[in-house]
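Have a look at the structure below, then the notes.
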Amino acid sequence: MLTKTYGSAVQGVNAYTITIEVVVTAGTLFYVVGLPDNAIKESQQRIESALKLRGYRMPRTKVVVNMAPADIRKEGAAYDLPIALGILHASQQLNTESLGDYIIMGELSLDGALRPIKGVLPIAIQARKEGFKGIILPKENAQEAAIVNNLDVIPVETMQQAIDFFEGRQVIEPVRIDTRDIFQHSANQYAADFADVQGQENIKRALEIAAAGGHNVIMIGPPGAGKTMLAKRLPTILPPLNMQEALETTKIHSVAGKLGTGQGLLNQRPFRAPHHTISDVALVGGGSNPQPGEISLSHNGVLFLDELPEFKRTVLEVMRQPLEERRVTISRAKVSIDFPANFMLIASMNPCPCGYYNHPEKECVCGPGVVQKYLNKVSGPLLDRIDLHVEVTPVTFDQMTETRKAETSHDIQQRVEQARAVQTKRFAEQADIHSNAMMPSQMVKDICQISQAGRTLLKTAMERLGLSARAYDRILKVARTIADLAGTEEIQIQHLAEAIQYRSLDREGWAG
C-alpha cells in the first residue's frame, strides 16, 4: 500500500514542501531515498523504538520511503513524525483519510515524545501558501507557527497524540494568537535606557544622528570610557519594528534555531555582539547547508563589533559586500542562497594597543609607529562604509555624580522617528532605499545640495583637516540627517560643520 505524507525543507529563509511517499511491499530491509542526510537515514532506529513502546509494530517487510523532489537535500531529524505516520498508514495500523491535509514535522525521541525543530515560521508560511489545512508539529513550536493566520496549528507532545488526532479519538484545538495585540503590548520594552548614562552628551548626539539616518558608527576611546554601554543602548532609540520587519527578523532567527522555546514573534530590534575570535563563516553565514551568520541575525537591528582591530582581517573584509548591498549571497555548486542583512554597524576600538593615546590624564606607553600600525588593522575600504567616527573621552567624577536626570531613550526615539518619517516620504518611490545612509552617490548630489557658503566650508575643511575624498559623500549624507532632525529643508552651515567633525579617522596624521 502506498501512502503520502507531507513535510517541509528549509533553504535559506524559504521553505519547500516535501512529499514523503511510503510503500510497504514483500521483502526485507528499510530504505530511505531522495537525497536524505545521515540524521534521516538513522530515523529507522528512532521510529522503530517509538512504535514498539507505543504498542505498534514495525513492518518486517520491505519499507521504502521516498522524499520528493529528489534534487533538494533534506537534513535533520524533523522528518521522523511524518515518516512514522506514513509507515503506520501504509501498514494499515493508522486509519485516516486526512493525512494529506497537513504538513507534519517533528523529531521523535525513543519513547515517542516529540522534540522541537528549527525553521517553523517559513514552513508555516509555505503551508498556508500551498493551501494545506494546517500544520502538525511539536508543542514548543506552536506559538511561532501561530503567527501565520488562516492555518490550523495543531500542537502535539507525543506521536500517540498525533495518531489519536488523525483517528478522531482526541480533539486538539488549534493554537491561535493575536499577533498585533502581543506586538503592540510588548514592543520596544528594553531594560537599558540612555537615562542611565551620565555625561557623554556628544556621543549620545552622534548615536541619535546614526539612528535617525541608519548610519554606521565607529567609536574610538580609552578602556572604561563607556563605548560598550552606549552601543548597547542604541536599539532603544531606533524606531520600533513594524510587522513586516518583525516577520523578516523572526524568519531568520527561526531558521538559525535562535528563537527561545515557546517564543513567537520577535518584537525588538536584534542586537548582536560577536566576540573578536569569530570566524568568517560564523559572521557572514555559510556551511554545507547554508545557515545565516551574525550579519543576517542582526537584520533590522544592530551588529556591534567591540575591539574592531582585534578581529581577523579576513573577517572584516567579508563584511564589505553586505554593508553595501544589504544582503549576503552564499553560493554553492548546486544552490545560491540570499540572506537579508540590512543592519547598522556599530564598532568600537581603543586608539592604540595600550588604550591611552590622546588620553587627558594617562600617558600612552606605545612605541613610535605602533599607534598607526594598530589603526591600519582596520582597512580603508571598511572605514569607507562607516559614516560617523566618534572620539569618546572618559567621564569625569563630577559628571558621574551628577544628580540631574539624563534624557531618556523614549525622548530621543521620538526625534528619531520624526526624522525617519521625513526620509520615508523622501524615498517613497525608491523600493530599496529607506534611510539617508542607503543613498547611492548620484542621489546624494540631487538630495544633499548645499549653498555656496557650504561648499566653501567643506572645501576648507577637506584641505585643512586633510580629509580623504571618500569622506565627501559621507559628510553630505550625515549633514542631510542632521538637517532632518532639525526639521529643515535645506542643509545649513551648522549642519555641515557638525557632520565634518565626525570624520576623525580620515584626518591625515590623526595618529601621528
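The values are calculated or read from the model by the stated rules, or taken from the named source; none is laboratory data. Computed from a prediction, not measured in an experiment: that's the story for all the values here. Backbone-built Cβ (ideal geometry, glycine too); neighbour counts: all protein chains shown. Heads up: the accessible areas ignore ligands, DNA and RNA and are worked out on the full protein's heavy atoms, side chains in. Shrake-Rupley method; radii C 1.70, N 1.55, O 1.52, S 1.80 Å.
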Inset, instruction - Provide the FRET efficiency to the nearest 0.05 for the Leu2-Ala191 pair, computing r from the beta carbons and using R0 = 60 Å. - result: 0.60
Legend entry - Cα-based reach from Lys133 at 15 Å (exclusive), listing aspartates and glutamates while leaving out same-chain residues under 8 positions away: Glu97, Asp101, Asp152, Glu173
Inset, instruction - With the full set of protein chains in place, find how many percent of the accessible area of the chain is carbon and sulfur; take the probe as 1.4 Å. - result: 48
Inset, instruction - Round to the nearest 10 and give me the degree value, 0 to 90, for the angle of helix 120-129's Cα axis relative to the longest principal axis of the chain. - result: 70
Legend entry - Cα long-axis angle, helix 243-255 against the chain (0 to 90 degrees, to the nearest 10): 60
Legend entry - Read-out Cα Rg over 2.2 N^0.38 Å, derived from the coordinates shown; its label in (i) 1.05; (ii) 1.18; (iii) 1.11: (ii)
Legend entry - Candidate residues Cys352, Cys366: accessible-area rank, largest first, probe 1.4 Å: Cys366, Cys352
Inset, instruction - Keeping all protein chains in place, calculate the accessible area per residue for segment 413-489 (probe 1.4 angstrom), answer in Å². - result: 55
Legend entry - Pair Arg169, Asp101: separation of 7 Å Cα→Cβ label points (nm): 1.9
Legend entry - C-alpha center-to-center spacing [segment 414-463, segment 160-236] in angstrom: 27
Inset, instruction - Calculate the spin-label point distance for Asp71 paired with Glu42, positioning each point 7 Å from the Cα along the beta-carbon direction, and give it in nanometres. - result: 3.0
Inset, instruction - Please tell me the relative contact order of segment 1-151 in percent, rounded to the nearest whole number, where contacts are Cα pairs under 8 Å and at least six residues apart. - result: 27
Inset, instruction - About the Cα centre of the chain, how large is the charge dipole given +1 on each Lys and Arg Cβ and -1 on each Asp and Glu Cβ? Please answer in debye to the nearest 20. - result: 820
Legend entry - Selection from Ile40, Leu457, Gln492 lying farthest towards where the dipole of the chain points positive, charges on Cβ: Ile40
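In the structure displayed, which of Lys129/Lys258; Lys41/Lys62; Lys52/Lys139; Lys425/Lys445; Lys251/Lys334; Lys204/Lys312 lie more than 26 Å apart, Cα to Cα?
Those over the limit are Lys204/Lys312.
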Legend entry - Accessible area expressed per residue, segment 101-238, with surrounding protein chains retained (probe 1.4 Å, Å²): 38
